[in-house]
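Engineer: One structure follows; several queries about it will come next.
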Amino acid sequence: MRKAFVICLILLIVFGGIAIAGDIIGRRVAQNEIAKNVASQYQLDHTPDVSIKGFPFLTQAIDGRYDEIDIKVGDVTEQGVHLTGTTVALKGVTAPMSDAMHGDSSKMVADSATSTATVGYDDVNKSAPHDMKVSAAGSDLLVRGPYTVLGVTQTVTATVTVQPAGRGVRVVPQSVKAGGTTVPVGLVRQAFTFTMSVKGLPLNTRITDVKVEQQGLRVSTTAQHVKLDSLNVH
């Protein structure tokens with residue numbers, strides 16, 4: 001009886017090992033194929049890092065629904081805008097098993113998609129009002145530009161806040177200085193309050209958060225019921 005128990009235990013370990021190995025291999029194959037598909041969509045010169053979350057993978061594959069798929073796209077240029085550190089998190093992805101294993105995204109749909117990317121200030125300035133320049137000073141965002149009062153034009157620097165505004169970023173001045181002298185915000189509020197469009201975002205996403213970084217604005221976006229083959233920018 002003890003011998004039979006030992007044999008059963010060995011068989012369980014062997015088959016368990018085979019199942020785990022199959023799960024790991026299947027996950028890796030699907031991740032690699034999806035990575036190739038994303039690289040093709042974005043016309044990347046590198047292969048992104050794809051991670052299919054949840055265990056076991058094979059159960060998700062058989063059901064055709066995945067808890068989460070994370071994609072580290074990295075650097076990408078779209079519509080003349082260079083995005084760095086681009087990531088996409090897909091939640092509740094529905095996909096036929098054969099499509100996932102072959103990286104075919106034409107039938108894949110995610111309940112939600114969240115992306116983050118940093119837009120450099122050179123690109124941010126392209127959508128700023130004429131003659132205005134945006135830069136960071138620590139955690140503060142500064143907007144520098146000309147302002148005319150009683151026929152006299154001088155350069156002022158406004159410390160501003162940034163807010164999500166659809167597919168753009170709303171800039172609102174909080175304090176203003178000219179040549180080291182504080183200027184009443186009310187004098188320049190209208191001129192220094194504006195919305196900058198952020199190009200290069202995935203289709204149908206909306207900005208939900210903006211953070212000021214030294215390299216640029218770190219923008220987070222979200223969208224619902226997203227087809228994976230529409231994640232590329234149009």
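Since every read-out is calculated from the coordinates, none of them should be taken as a lab result. All of these numbers come straight from a predicted model, not from anything done at the bench. Don't worry about glycine lacking a Cβ; one is built from the backbone with ideal geometry, like all the others, and counts go over all protein chains shown.
Engineer: Would you mind pulling out the separation of the Cα centroids of the stretch 57-76 and the stretch 176-225, in Å?
Structural biologist: After rounding, the separation between the Cα centres reads 32 Å.
Engineer: Starting at the first residue of the stretch 128-136, write each ³J(HN,Hα) from the Karplus equation 6.51 cos²θ - 1.76 cosθ + 1.60 with θ = phi - 60°, in whole Hz, x for Gly and Pro.
Structural biologist: Residue by residue, the stretch 128-136 yields 7, x, 3, 6, 9, 10, 10, 8, 10 Hz.
Engineer: For Ile207, what charge total do you get from the other residues with a beta carbon under 10 Å from its beta carbon, if Lys and Arg give +1 and Asp and Glu give -1? Kindly include the intermediate steps, with their values, before the conclusion.
Structural biologist: Values: positive: Arg167, Arg170, Arg206; negative: Asp209.
After counting each charged neighbour, the total is +2.
Engineer: Further, regarding this structure: For Asp209, what residues show an amide H to amide H distance below 5 Å, using hydrogens built from the backbone and excluding near sequence neighbours?
Structural biologist: Placed amide hydrogens put Ser220 under 5 Å from Asp209.
Engineer: Which value, in debye to the nearest 20, gives the size of the charge dipole of the stretch 128-197 about its Cα centre, when Lys and Arg are +1 and Asp and Glu are -1 at the Cβ?
Structural biologist: Working: 6 positive and 2 negative charges, 21 e Å.
Charge dipole, the stretch 128-197, about its Cα centre: 100 debye, nearest 20.
Engineer: Counting only DSSP beta bridges with both residues in the stretch 128-197, what percent are antiparallel, rounded to the nearest 5? Kindly include the intermediate steps, with their values, before the conclusion.
Structural biologist: On the way: 30 of 30 bridges.
Restricted to the stretch 128-197, the bridges split so that about 100 percent are antiparallel.
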